[in-house]
Every structure is written in C-alpha cells, then in structure tokens.
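Novice: My questions will all concern the structure given below.
The values are calculated or read from the model by the stated rules, or taken from the named source; none is laboratory data. Predicted model, so just to flag it, every value in this text is computed and none were measured. Cβ placement follows ideal geometry from the backbone for every residue including glycine, while neighbour counts extend to all protein chains displayed.
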Amino acid sequence: MEKFALTLQSKNSISAYLAENFTMRYEREIITEILTVIDNNDEEKLNWFAGFGDSYRQILMNVNEYRRGLVYGFTEIAFGKCGWFASPKFLDFDEIRLEESSIRIGRGPNHLWSYALNRTYGSSGASGPLSVFCPPFRSREAALNAALAEIKADFTKYIGHGDTSNFKPELISKTLKAIAQLEVSMVQLSLFS
C-alpha cells in the first residue's frame, strides 16, 4: 500500500476522495481550502494541513477539531499516540451531581463556557464529553442555566413512561427534585450577590 502524502500534486487524489466518500459540509469547506492552497502553490500552508494526519479523513477531522478549539481559545496543536487531535482540557472544570446524573461544566482560555450532560434514567441513559463541539456561552451562569433547562426538559418527558426498567419513576422524580433544588439555590445565591 502506498504511503499517504498531501502534496501540490494531490488534486486528482482529492477529487477521487470526494467522489468516493460522503463528506460533511465542514469537510467540503476544508477540502476547498486545500485545493485553493494547491492552486496557489502554497507549499508552506499545504505542509500545515499535511501535519494534521496520515489520510484525508484524519486531516479533515483534526483540522476541524483544532478550529473548533479556537472558538474557546485553545491554540495548542497536539496529537495522541494514534494521530488523532488531542482534545483540549477545559479550565475551571466542575461536575455537578444530580442523583445518578450530572452536568460537567468548564471554560476555555478565552472565558467562553460550555457544558456536557451525563443522564441516567434507570437502565438507560446518555452521556457525552465536555468538548470543543459543545455550544459556547459567555458565562458560567449562562452555561449552567442552559444545561439545567436541557436536562430538566429531558427528564420531564420520561415522567410516566411505560418502560419502568429503563426509565425508573423514582430516579426520574429524584433527579427532577435535585434539579429544582439547584435552581432554587442559584436564585438565592443571585439575590445575595
């Protein structure tokens, strides 16, 4: 198998990649940028792109994650042992427990905040990491309010669900009470601030 190389002569292989693969909008935008770099014979910029991976897919995904990190002020370019972009670590990270569920919250170096949810309904649940792909907020309070609204709406829709194994009524009720208590404490704190 031929070793991958992104060079000024890669235009045909990029066109073949586009023809053979489904691409997301961000991937097509980065490919268009790479093709423009090739058309401009900008070897320095092309080498920058090539430094993001050993395949078109890896380059596209790594460049996208790097650029998403810039939104939060993360500027370091670092890769894990398999060549995938090393996810930056949010500052002022906090995990707020709500029974068996939680909200993970943190900020980037430029003081934009975000959150991720870990939801446990019983035998089922959902979780995602706090990452640069989470929505940005201008303050911790705004991020926390959005997280509370999302998790509250999510748990509320399972009240009275017929599958009591996956959606345990007692756990759903306790989690909604924990959310309400946190909301009340936030209001009280704002009154005395």
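Novice: Taking the criterion of being in contact with a Gly (Cβ under 7 Å, 6 or more places away or on another chain) and either surrounded by fewer than 14 Cβ atoms within 10 Å (Cβ to Cβ) or modelled with pLDDT under 95 (or both), would at least one residue in the stretch 63-79 satisfy it?
Specialist: So far as the stretch 63-79 goes, no, none of its residues is in contact with a Gly (Cβ under 7 Å, 6 or more places away or on another chain) and either surrounded by fewer than 14 Cβ atoms within 10 Å (Cβ to Cβ) or modelled with pLDDT under 95 (or both).
Novice: Just name the residue that is nearest to the chain's Cα centre (by Cα) out of those in the stretch 1-20 that are assigned to a loop (DSSP other than H, G, I, E, B), surrounded by 11 or more Cβ atoms within 10 Å (Cβ to Cβ) and not aromatic (Phe, Trp, Tyr). Spell out the reasoning first.
Specialist: Taking the stretch 1-20 and keeping what is assigned to a loop (DSSP other than H, G, I, E, B), we get 1-10.
Retained after the next criterion (residues that are surrounded by 11 or more Cβ atoms within 10 Å (Cβ to Cβ)): 4, 6-8, 10.
Okay, now just the ones that are also not aromatic (Phe, Trp, Tyr), so 6-8, 10.
Values: Leu6: 27, Thr7: 30, Leu8: 32, Ser10: 30 Å.
Of everything passing the filter in the stretch 1-20, Leu6 is nearest to the chain's Cα centre (by Cα).
Novice: List pairs: first residue in the stretch 160-186 and farther than 14 Å from Ile96 by Cβ, second residue among the charged types (D, E, K, R) and part of a loop (DSSP other than H, G, I, E, B) anywhere in the structure, Cβ distance under 9 angstrom, at least six positions apart or on different chains.
Specialist: Listed pairs, sorted by first residue: Leu171/Glu99; Leu171/Glu100; Lys174/Glu99; Lys174/Glu100; Lys177/Glu99.
Novice: What are the residues in the stretch 136-155 that are assigned to a helix (DSSP H, G or I) and loosely packed, with under 12 Cβ neighbours inside 10 Å, if any?
Specialist: Ala153, the sole residue that qualifies.
Novice: Quick one: how many residues across the stretch 98-124 are free of Cβ contacts under 8 Å to residues at least 40 places away in the same chain and in a strand (DSSP E or B)?
Specialist: 10
Novice: Here is a follow-up. Determine whether the stretch 40-61 contains at least one residue that is free of Cβ contacts under 8 Å to residues at least 60 places away in the same chain, in contact with a strand residue (DSSP E or B) (Cβ under 6 Å, 6 or more places away or on another chain) and surrounded by 13 or more Cβ atoms within 10 Å (Cβ to Cβ).
Specialist: No - not one qualifying residue is present in the stretch 40-61.
Novice: When you scan the stretch 50-95, how many residues do you find that are in a helix (DSSP H, G or I) and closer than 22 Å to Ala16 by Cβ?
Specialist: Total satisfying the criteria: 10.
Novice: Looking at the stretch 26-49, can you tell me whether even one residue there is in a loop (DSSP other than H, G, I, E, B), within 17 Å of Ala5 (Cα to Cα) and either in contact with a helix residue (DSSP H, G or I) (Cβ under 8 Å, 6 or more places away or on another chain) or modelled with pLDDT of 95 or more (or both)?
Specialist: Within the stretch 26-49 (the criterion being in a loop (DSSP other than H, G, I, E, B), within 17 Å of Ala5 (Cα to Cα) and either in contact with a helix residue (DSSP H, G or I) (Cβ under 8 Å, 6 or more places away or on another chain) or modelled with pLDDT of 95 or more (or both)), the answer is yes, since at least one residue qualifies.
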